[in-house]
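Trainee: The structure follows.
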Amino acid sequence: LRRDVKSFTDYLPDGYVTDGSVDYTTHFQAAITANYGNAIEMPAGGAYKVGTLSITGAISILGNQQAKLLAIGPRLFRVPTPSAIDGLVIDGIFATNLGVAGGGDNNCIGVFVDVGASILNSCIRNNTLIGFGIGMSLVGLLTPKTYTDAYGGSYVTTGNDGRNFVTGNII
């Protein structure tokens, strides 16, 4: 599947800073929303503070471990209900949780798929998520699959078949 690749930097304001001091949630969200059906690539370096980024369509979010996302919300990437995405790729993201804490649903989660949402033909791989209570919670998918160390690894309460890949992530 070939997708046109755009850069997140095309959506950042003139004079943007890369030291992690400024919240760029609205800019990153605008980049994602404008590029459904295509790919969006992280900047070549620096750190960018972001809240929860909502994904409601097929998109490739490519990081190549080059820039760091500093998560300030309870979720880094969220697929909300009633989304049904065919072709989601989150690859090579490097993210650090900036202190969202708590128990149960209050834990900061790297990738969260709501109950009732679904992703098919998707790939979540080669991501590094540091300090997240739960790395991935794919609760919206259809059939039981995996549960591994909810406080340090992947937490997949339900999953799907081999069309979806969650692999090579460091949490």
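Trainee: Considering each residue of the range 44-73, count those that are of a type in the set (Gly, Ala, Ser) and part of a strand (DSSP E or B), and give that number.
Mentor: Looking only at that region, the number is 4.
Trainee: Further, regarding this structure: Filter the range 79-93 for residues that are part of a strand (DSSP E or B) and either at pLDDT 90 or above or open to solvent by less than 10 Å² (accessible area, probe 1.4 Å) (or both) and give the result.
Mentor: If the condition is that a residue be part of a strand (DSSP E or B) and either at pLDDT 90 or above or open to solvent by less than 10 Å² (accessible area, probe 1.4 Å) (or both), then 79, 85, 88, 90 are the ones that fit.
Trainee: While we're looking at this one, here's another question. Tell me, please, whether a residue that is within 21 Å of residue 122 (Cα to Cα) and loosely packed, with under 12 Cβ neighbours inside 10 Å can be found in the range 13-25.
Mentor: no
Trainee: Moving to a separate point now. Could you figure out which of (1) outside any strand (DSSP E or B); (2) open to solvent by less than 10 Å² (accessible area, probe 1.4 Å); (3) in contact (Cβ under 8 Å) with a residue 40 or more places away in the chain isn't true of residue 76?
Mentor: The single condition residue 76 does not satisfy is (1).
Trainee: Among what's in the range 1-12 and is loosely packed, with under 14 Cβ neighbours inside 10 Å and of a type in the set (A, V, I, L, M, F, W, C), pick the residue that is farthest from residue 71 (Cα to Cα).
Mentor: 1
The values are calculated or read from the model by the stated rules, or taken from the named source; none is laboratory data. Not measured: the values here are computed from a predicted model. In this analysis, Cβ positions are derived from the backbone assuming ideal geometry, glycine residues included, and neighbour counts consider all displayed protein chains. Heavy atoms of the whole protein, side chains included, go into the accessibility calculation; ligands, DNA and RNA do not. Shrake-Rupley method; radii C 1.70, N 1.55, O 1.52, S 1.80 Å.
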